[in-house]
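Read-outs throughout are calculated quantities, based only on the coordinates presented, and are distinct from any laboratory measurement. Quick caveat: nothing in here was measured; it's all calculated off a predicted structure. No Cβ is skipped: glycine too gets one built from the backbone with ideal geometry, and neighbour counts run over all protein chains shown.
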Amino acid sequence: MFENLSERLERSFKVLKGEGKITDINISETVKDIRRALLDADVGFKEAKEFTNRVKDKAIGQNVITAVKPQQLMVKIVHDELVEFMGSDSQDIDIKGNPGIVLVAGLNGSGKTTFSAKLALRLKSKKGLKVLLAACDTFRPAAIEQLKVLGDSIGVEVFTIEGEKDPIKIASQALEYAKAEHFSVVIIDTAGRLSVDDELMDEISALHAKVQPTETLFVVDAMTGQDAVSTAKVFNDRLDFDGVVLTKMDGDTRGGAALSIKAVVGKPIKFISSGEKLEALDVFHPARIADRILGMGDVVSLVEKAQEQYDEKQARELTKKMARNRYSYQDFYTQIQQLKKMGDIKELASMLPGVGKALKDVDLSNDSFKSIEAIILSMTPEERDNPDLMDSSRKLRLAKGSGTSIQAVNNLVKTFDRMRKQMKNFVNSRGPGSPSQQGGGSSKGGKNKKKKKR
């Protein structure tokens, strides 16, 4: 996401590298490059021009203090403008009501049905709400069945009426059922078309008027670029929706839709979705996206993803194991599974400042762990719990059992041993404040002795 735009902007800022001050000449050259970068990213010409004009107005006449270089100042100005351009703050959805009603609209292929399930999972797992999915897409073949499968996979009920083709009737009865069964939220998945037409707009407008949703979300495929912006404008004119959801952000997208949809439509982007995993749904934070675009990473989002998989009790036990050099292959395998649940490994790594560019051409994916997992799963329970048992005959058996090579097994053993030593040294270097030192008695006893001497 935004890789090409990030590279182009980085090249634009190089015009100011080594300059002692900001002048009309070097600012004009930089701004032209920034405008080209935005146009190449599929931002509309009008929006790109307005954006760069604001950047230029802010940059000209700026006094550069000794501690800040012109290039750094320009990055700061562009960052602030990007945040403003994309909506300043993240926007939550309105699910208040008895029940709250979320209407999901968009074209066919935009990812409405998958997003509906992702949102249901998010509201269920993070807010503890009782969610009902209403299958009102009677136009696309297998759409209802798809929603049923997704609902079953996340433990969320899906309301359907066998053979019914009227989405208004389905939605109305779904709401009655939700009230009777005390559901907190109803998410209505609606029909789409391959393109905007009168039939689609009349149908979605009538459904919208009937159910009176507390939140209307327009789902758009980010890979469609400026078409996404124009489609959003048409839908907004009829529905006056509350927010936008950008899907397929992990695809070959130039990012223009994300940058300009707020400026054109005037409605905030509320969620971004990437991949088919139902956990892969994130709140849209303009400041964090601006950080990613400018190569600053997104450590806050990375920490949030980690916290979702974080078990405090398990972490304390693991810390104690590390301190005593008892970290095992089973622990390593468990951590790999937790890491994979956080999302695509390359995307996660790109959230670290400066790493995204370095990994651009590196073939890194969650499949990279397959050989490691195969070797660990070929171990006996005793071998997984006691790494010191590993010898030549065991390594040979593991290579055959995992379908890998003796070299792959040796690499894993060497890497694991080195990692285990580093973990032990790190944990023990933290001293008395670390979990490994708490409750041991020696540190506490030392403090008591000092008090007695006084």
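Computed quantities for the displayed model
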{"read-out": "Residue pairs, from the table Lys130/Lys277; Lys112/Lys148; Lys277/Lys313, whose Cα atoms sit over 19 Å apart", "value": "Lys130/Lys277; Lys277/Lys313"}
{"read-out": "Label-point separation, Glu199 to Lys14 (7 Å along Cα→Cβ), nm", "value": "5.3 nm"}
{"read-out": "Dipole magnitude (debye, nearest 20) for the range 167-273, charges at Cβ of Lys, Arg, Asp, Glu", "value": "300 debye"}
{"read-out": "Potential extension, Glu50-Lys126 segment - 0.36 nm per residue separation minus Cα distance", "value": "23.5 nm"}
{"read-out": "30 Å Cα-Cα threshold exceeded, pairs from Lys69/Lys424; Lys46/Lys76; Lys321/Lys341; Lys248/Lys340; Lys49/Lys76", "value": "Lys69/Lys424"}
{"read-out": "FRET E, pair Asn410, Glu7, Förster distance 30 Å, beta-carbon r, rounded to 0.05", "value": "0.20"}
